[in-house]
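To start, the structure itself, in C-alpha cells.
Only the coordinates and a few stated rules stand behind these numbers; no lab work does. Everything numeric in this text was worked out from a predicted model, so none of it was measured. Positions of Cβ are generated from backbone atoms using ideal geometry, with glycine treated the same way; all protein chains shown enter the neighbour counts.
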Amino acid sequence: MNEHDSETISGMLQQRGYTQIPDRETSDIAIINTCSVRENADKRFFGTLGQLKKIKVQNPEFVACVCGCMMQQEHIINAVKQKYPWVDIIFGTHNIHEFPDMLDELFAAREKQKASAEKERADVETAAYPADRRGYNIAKHDVRSAKDTRVVRVYDDKKEIIEGLPAKRLFRHKSFVNIMYGCNNFCTYCIVPYTRGREKSRRPEDILNEIRRLTQDDVKEVTLLGQNVNSYKGIAENGREWDFTDLIYALQEVDGLQRIRFMTSHPKDLSDRLIRAFVECEKLCNYIHLPVQSGSTTVLQRMNRHYTREQYIELVQKLRDAVPDIAISTDIIVGFPGETEEEFADTLTLAELIRYDSAFTFLYSIRKGTPAAEYGDQIPETVKHERFGRLVDIMNACSRQKNAAYVGRTEKVLIEGVSKKGSDTLTGRTDSFKLVDFPGELSLIGQIRDVKITDSNTFSLKGELID
Ligand code: 5AD
Ligand code: SF4
C-alpha cells in the first residue's frame, strides 16, 4: 500500500517536471513515505530524517517532506515538529492528492518570507543601528526557518476517495491498483485501522476504467490492493453493490489484461465464490497471500482474528481441493503478548502442516494505541528472537522444498525486467508468484513466455527460455 502511495507521489512530481534521482544529497526535494506497522520503521524514519538536515544546511532551497501512516499519529507529528524544525511539508495518507498544492503553498510562503526579510534588511541598513546589531538581524533572516513556512495537512478518513491521480509505476508491465482503503478489523496488535481509517471501497467503474487504461499502457498484470480485499463493497453507478468476486469476474473480461492478483485477504472473509473464481477465471493467478498470524486458537482469539486454527486449516484444504497447485504465502507474528511455549508450538506445527510457499515472519512489536500494547504479559525480546529463529528455519526449509519441486517444470513467466544478477539475465514471475531468473534478450521484457525451471533455492528459481 505504501509502495503504491509512493508511485502516486512520484507521478504527481513527474507531472510537475521533476525527475527521480538516485542521490539524495543533490536532490531538490526528498520525501520520506513512512509505515507505522512495526516499530523498526519508526526508528529508521527518525534516523533518515536526521540525515536530511545535512542537505538543508548545504542547500536552503531544499524541500524536506514526510508523509505516510506515521503522520496519521499525533504523537509522531508533534515529535517531528519539535525535534526536526527543518521539515517543510507534513502530510497524511488521506492528503496525498494535495501534495502539489502543498508545494505551491510552501514556495509562495518562502517567497513572502524572502520579500519581508529583504524589506527588513533594507530597513535595518538605513537605520542607525550599531554594526553588530545589524549583523544579528540580517543573519536571523538568512537562515531560513522551515517552521514559519511549513505546510501541514493531515485529515481523518471522512473525505471522499480522490480519483484520477497519476502514478509513476515501479514496473512497466504490472501495476498495483487500490480497490479499497482502510480497515475495520481491529486486530488487537495492529495500528492500521487507527492510521488508515475505516474501510472505504472505490466504485467498480472507477477501478475498471483505471485497469482498462493501464492495459492500453502495456500493463499485463494488476495486483488489487486493500487491507482486506474480501470485504470490498463497491456501489456501482446503477446502485448495485459489488463484492470482491464480482470485480474479479468483471476483470476476467478486460481485453489485454492477462493476470490478476490481489492482497491482502483476511481468512475470516474468504468466500466459497472466490475459491470458485480461482477455478473459473483463468486470469486469476494460482497464488494467495493468506495471513494466519498464529497457529494457536487462543492467541488468534486474543488477536481478535475471528477464526480458529481448525477453520484456517479447513480453508486451506478447500483452496487446495479446488486449485491443487495454488501457492500460498502468509504473515506470522511471533511473541504476541502472553504467547506460551505451547501456543508457539501450535504455530510451528501449523507451519509444518500447511507447508507454505513463503512467509513473512515478524517479531511482535508494541504499537501505542492498540489494545495489545496494554496487555500486561509482554514477551521478553530474547524469547521472541529465539522463537523467531525456530520458525524461520521451518519456513525456509519449506520454501526450499516447494521451490525444488518446480525443477524440470515449464512455467509461464511474465518477464518483468533485468535481474539484479546482471544485464544479461532477465527476471520474472510465474503464475504462482515465484521469482525466476534466466538468460535472455531485453526485447522480451513485458512478454509472457515459457521458461523451463532448471534450478532452485529458498527464495527464487533459475530457468531457460523455451522457444
Ligand atoms: N507487530 C508485528 N507484526 C505486525 N503486523 C501488523 N502489526 C504488527 C505488530 N504490531 C504484521 C502482520 C500483518 C503484516 C502486514 O504486519 O502480520 O499481516
Ligand atoms: Fe491490521 Fe488486521 Fe486490518 Fe490487517 S486485517 S490491516 S492486520 S487490523
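Observations on the model:
- Once the chain from R276 to H385 is taken as fully extended at 0.36 nm per residue, the excess over their C-alpha distance is 35.3 nm.
- Two-site label geometry, T26 and R355: point separation in nm, points 7 Å out along Cα→Cβ: 5.3 nm
- Prolate/oblate/rounded call for the range 1-85, Cα gyration tensor, a/c under 1.5 rounded: oblate
- ³J(HN,Hα), Karplus 6.51/-1.76/1.60, whole Hz, each residue of the range 262-276, x for Gly, Pro: 8, 6, 10, 10, 7, x, 5, 10, 7, 8, 4, 5, 5, 4, 5
- Inter-site label distance for F171 and R198 at 7 Å from Cα along Cβ, in nm: 3.5 nm
- Three-way shape label, the range 410-465, alpha-carbon gyration tensor, a/c 1.5: oblate
- Cα centroid of the range 52-129 to Cα centroid of the range 179-202, whole Å: 30 Å
- Other residues with beta-carbon under 12 Å from the beta-carbon of E160 carry, at +1 per Lys or Arg and -1 per Asp or Glu, a net charge of +2.
- Segment K158-Q113, extension gain: residue separation times 0.36 nm, minus the distance between their alpha carbons: 12.8 nm
- Sequence-distant aspartates and glutamates (8 or more away, or on other chains) whose Cα lies within less than 20 Å of K452: D325, D357, E411, E416, D424, D431, D437, E441, E464, D467
- Pairs exceeding a 22 Å alpha-carbon distance, out of K384/K434; K119/K147; K402/K434; K174/K420: K384/K434.
- FRET E, pair E441, K421, Förster distance 25 Å, beta-carbon r, rounded to 0.05: 0.95
- Shape class of the chain from the Cα gyration tensor (axes a ≥ b ≥ c, square roots of the eigenvalues): prolate, since a/c reaches 1.5 or more and a/b is larger than b/c.
- In this calculation the C-beta distance from A405 to Q216 is compared with R0 = 22 Å, giving a FRET efficiency of 0.05.
- Neighbour net charge for Q73 - beta-carbon separation under 11 angstrom, K R +1, D E -1: 0
- Applying 0.36 nm per residue to the separation of T340 and Y249 and subtracting their alpha-carbon distance, the gain on full extension is 28.4 nm.
- Phi-derived couplings, Karplus 6.51 cos²θ - 1.76 cosθ + 1.60 at θ = phi - 60°, listed residue by residue for the range 13-24: 5, 4, 4, 8, x, 7, 10, 7, 10, x, 9, 5 Hz, with x used for Gly and Pro.
- For the chain, calculated [θ]222 nm from helices alone, where every DSSP H run of n ≥ 4 adds -39500 (n - 2.57): -12500 deg cm²/dmol
- Selected from T298, I333, T223, residue furthest toward positive end of dipole (the chain; charges at beta carbon): I333
- Acute angle (nearest 10 degrees) that the helix 74-83 long axis makes with the longest principal axis of the chain, alpha-carbon atoms: 40 degrees
- Summary value for the range 169-285: 26 percent relative contact order, contacts being C-alpha pairs under 8 angstrom separated by 6+ residues.
- Between the range 149-172 and the range 413-441, the Cα center-to-center distance that results, in Å: 32 Å
- Estimated FRET transfer efficiency (N396, E237; beta-carbon r; R0 51 Å; 0.05): 0.60
- Relative contact order for the chain: 10 percent, from Cα pairs under 8 Å spaced at least 6 residues apart, divided by residue count.
- Here the range 270-286 and the range 296-329 have alpha carbon centers that stand 17 Å from each other.
- Cysteines, the chain, no other Cys beta-carbon under 4.7 Å: C35, C65, C67, C69, C183, C281, C285, C398
- Sequence ranges 110-122, 397-409, 84-96, ranked by mean other-Cβ count within 10 angstrom, highest first: 84-96, 397-409, 110-122
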